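Structure first, then comments.
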Amino acid sequence: MHPAIGILLFAATVAGMEAFAYAAHRWVMHGPGWFLHASHHAPRTGMFERNDLYAVIFAIPSIVLLLGGVQLGWWPGTTWIGAGIAAYGAIYFGFHDVIVHRRLAHHYVARSTYMKRIVQAHRLHHAVTSRHGAVSFGFLWAPRADTLKRQLKARSDLIRVNMEPD
């Protein structure tokens, strides 16, 4: 396989993972998977939370594709796709767990318009303490904060809102 095709597969996978993550977050984690995700909308009492199991679950396809592509002789594109899934997971970890939730100590302060928008959107997502009524389910793209605030206000009689910062 030509490297340019592999790089395109990799980039398309990273982009596609944002759509997958949005759907999984909105309709699985805030749906039947709430029994794991609820821990993420509550104060953490230790280093880990039940929600961390999603990282393990979502890593399995990446591991299988990388193993198949590198060791088992599968179609070479599986390696690039598996690497794209892994890259999205690393980006997600860096943004979500490190920058937003500060699960690792750091001194980074969001200064760019993009990073401020993403961080604020995620904080507005966490303003809702129940599985229903949340806004902004993506991780690398988010609507403007004023749009999200209007959505929260319109839903305020239907949801529990957490006034404590994350």
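Sorted on the mean count of surrounding Cβ atoms within 10 Å across their residues, most packed first, peptides 147-156, 61-70 read 61-70, 147-156. Taking the protein heavy atoms of the stretch 14-119 in the context of the full set of protein chains, the accessible area attributed to carbon and sulfur is 73 percent at 1.4 Å.
Axis angle, to the nearest 10 degrees, between helix 77-92 and the longest C-alpha principal axis of the chain: 30 degrees.
Positive end of the dipole of the stretch 36-164 (Cβ unit charges, origin at the Cα centre): among LEU152, ALA38, SER130, the Cα lying farthest that way belongs to LEU152. Here the ratio of the Cα radius of gyration of the stretch 94-157 to 2.2 N^0.38 Å is 1.15. Just to confirm my numbers, what's the Cα centroid distance between the stretch 62-96 and the stretch 1-34 in Å? Rounded to whole Å, the Cα centres lie 11 Å apart. In the chain, helical runs assigned H by DSSP with n ≥ 4 each contribute -39500 (n - 2.57); averaged across all residues and rounded to the nearest 500, the mean residue ellipticity at 222 nm is -16000 deg cm²/dmol.
Set against the labelled values (1) 15; (2) 36; (3) 26, percent of Cα pairs over 29 Å apart computed from this structure falls on (3). With each label modelled as a point 7 angstrom along the Cα→C-beta vector, the ASP146-LEU53 pair spans 4.2 nm. Looking at the stretch 24-154, the accessible area is 56 square angstrom per residue; that uses a 1.4 Å probe and ignores ligands, DNA and RNA.
Relative contact order, whole percent, for the chain stands at 24, derived from Cα pairs under 8 Å and 6 or more residues apart. Against the chain, whose longest principal axis comes from its Cα atoms, helix 145-155 is set at around 60 degrees.
The values are calculated or read from the model by the stated rules, or taken from the named source; none is laboratory data. Treat the numbers as computed from the prediction; the structure is a model and nothing was measured. Neighbour counts are summed over all protein chains in view; Cβ atoms, including those assigned to glycine, are modelled from backbone coordinates with ideal geometry. With ligands, DNA and RNA removed, areas are computed over all heavy atoms of the protein, side chains included. Shrake-Rupley method; radii C 1.70, N 1.55, O 1.52, S 1.80 Å.
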